[in-house]
């Protein structure tokens, strides 16, 4: 299959017997990989498969421990990300790298302002003209004079892509390699379509390495798909030969649950009401809303961005303060005025942005898991290291967190394992009500299956959950019941029993 590709297209990058080892783990096991000109190459694998390490080697942030890195057929040593850009390889990271208080043009040409000096001064007019020409070349409709803090996530990505394309021209590269890490994670459906339209235009002039956990997008938009597992190359396939179910099996090395959302594990909730919301409202975001949550129930909040569901969830979690209404936990009225208020009443919040809001990434796993329970890990007023270690080890085992030790920094964990640590933190604090804001976003298919199973187990243990998912299908598949919001109002309630779940078509008219 590789020979078939090679006959048609010229290799841009070749990795031969590439090897990388860290203390206690071999991240890349010595495989070959070729990236060809003018293609979209989809790169897939579970979290921990080696994708991130591979990308850091391509961009010079890591040096391989063995093997060779060829660009245009010539062996190269790439010392850092700037050196990689000089040699035609750039990356757009999931978290983004634009500077919000600079204009689009200033972000595109940052550190290269000398090119636009006239009479000793940087000409903003010349800079914006050059930026406009670059944007128009790839049919990107963005005003080069606008501040980046005014742009949508999709537009910010296009600014970064345009910067890399300009740098490639600046350094005289005919076929630059652009690496996009989870580019659609925070995009609306209309922006996803626009992004891929632009990428297919860019493909005429460049090679794109597309990393995504959304296999539907990988299969639809990649010319070729490469599968990694446990730091090793598994196989590759052309788009016409790709099937999602086969890719999933190659990625995880096993068949997944026959029901996508483990529906057969769904339990009927108990009658006991653990949370009651009465006429809760946040002025400007959502009107008075009332509902209950039963013990062991999974309740989905469903609606488009702007429906008010995110703000409702944050009011219950304490990061926003409702302007009216009341909340009762197990029949007792409670004042939710801060995250600390929610914690005191055994309400845990797993946020959408786990790296910023969910974890202290520079701290280790034990410190994150124990963060909310340090008072009970003390003896005679001092922290008891034995209790701290035992509590962390228990919840790492209970949560099936894959790590080399309890002292591993959370920044070095895969997305799926970071999510497991956040969940373990709240369970360690004995949270009985969990607010799960997009719990599987940015997580690979194998880790998703584990998260689904864990959600089912928690419901069986009597934990109650309010969820907001990435897709309507996921909301339907996971939940016992759904509350549909539109324009700040609760417009519909839908039961989702395992034997008679609605379809997206049954609900879509209420949502849009």
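The values are calculated or read from the model by the stated rules, or taken from the named source; none is laboratory data. This is a predicted model, so every value here is computed, not measured. Glycine gets a Cβ as well: all are built from the backbone with ideal geometry, and neighbour counts include every protein chain shown.
The number of residues in region 56-71 that are in a loop (DSSP other than H, G, I, E, B), out of contact with any strand residue (DSSP E or B) (no Cβ under 7 Å at 6 or more places or on another chain) and crowded, with 16+ Cβ neighbours inside 10 Å comes to 2. Do you know which of the residues in region 57-83 that are in contact with a helix residue (DSSP H, G or I) (Cβ under 7 Å, 6 or more places away or on another chain) and free of Cβ contacts under 8 Å to residues at least 40 places away in the same chain is farthest from residue 172 (Cα to Cα)? Checked region 57-83; the qualifying residue farthest from residue 172 (Cα to Cα) is 61. In the set 121, 158, 127, only one residue is assigned by TED's automatic domain parsing to the domain that holds residue 88, without any contact (Cβ under 8 Å) to a residue 24 or more places away in the chain and surrounded by 20 or more Cβ atoms within 10 Å (Cβ to Cβ); that residue is 127.
Within region 395-404, the set of residues being touching a residue at least 12 places away in the same chain (Cβ under 8 Å), surrounded by fewer than 19 Cβ atoms within 10 Å (Cβ to Cβ) and at negative phi comprises 398, 402, 404. When residue 441 is tested against (1) at pLDDT below 85; (2) in contact with a helix residue (DSSP H, G or I) (Cβ under 6 Å, 6 or more places away or on another chain); (3) within 29 Å of residue 281 (Cα to Cα), only condition (2) is not met. Evaluated against (1) in contact (Cβ under 8 Å) with a residue 40 or more places away in the chain; (2) assigned by TED's automatic domain parsing to the domain that holds residue 486; (3) buried (at least 17 other Cβ atoms within 10 Å of the Cβ), residue 318 falls short on exactly one condition, (1). There is at least one residue in region 492-501 that is surrounded by 13 or more Cβ atoms within 10 Å (Cβ to Cβ), under 30 Å from residue 429 (Cβ atoms) and touching a strand residue (DSSP E or B) at 6+ places or on another chain (Cβ under 9 Å).
Results for (1) farther than 30 Å from residue 288 by Cβ; (2) surrounded by 15 or more Cβ atoms within 10 Å (Cβ to Cβ); (3) in contact (Cβ under 8 Å) with a residue 60 or more places away in the chain, shown as yes or no for each residue.
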site	(1), (2), (3)
327	no, yes, no
346	no, yes, yes
368	yes, yes, no
373	yes, yes, no
377	yes, yes, no
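Of the candidates 192, 186, the single residue that is at pLDDT below 80, in the same structural domain as residue 50 (by TED's automatic domain parsing) and surrounded by 16 or more Cβ atoms within 10 Å (Cβ to Cβ) is 186. Scanning region 23-43 for residues that are outside any strand (DSSP E or B) and modelled with pLDDT of 90 or more gives 37, 38, 39. Within region 225-251, residues that are farther than 22 Å from residue 36 by Cβ have Cβ atoms under 6 Å from residues that are assigned to a helix (DSSP H, G or I) and modelled with pLDDT under 85 in these pairs: 248/445, counting only partners at least 6 apart in sequence or on another chain.
Note on region 423-512: no enclosed strands (runs of 3 or more DSSP E) hold 1 or more residues that are outside the structural domain of residue 316 (by TED's automatic domain parsing), closer than 19 Å to residue 317 by Cα and free of Cβ contacts under 8 Å to residues at least 60 places away in the same chain.
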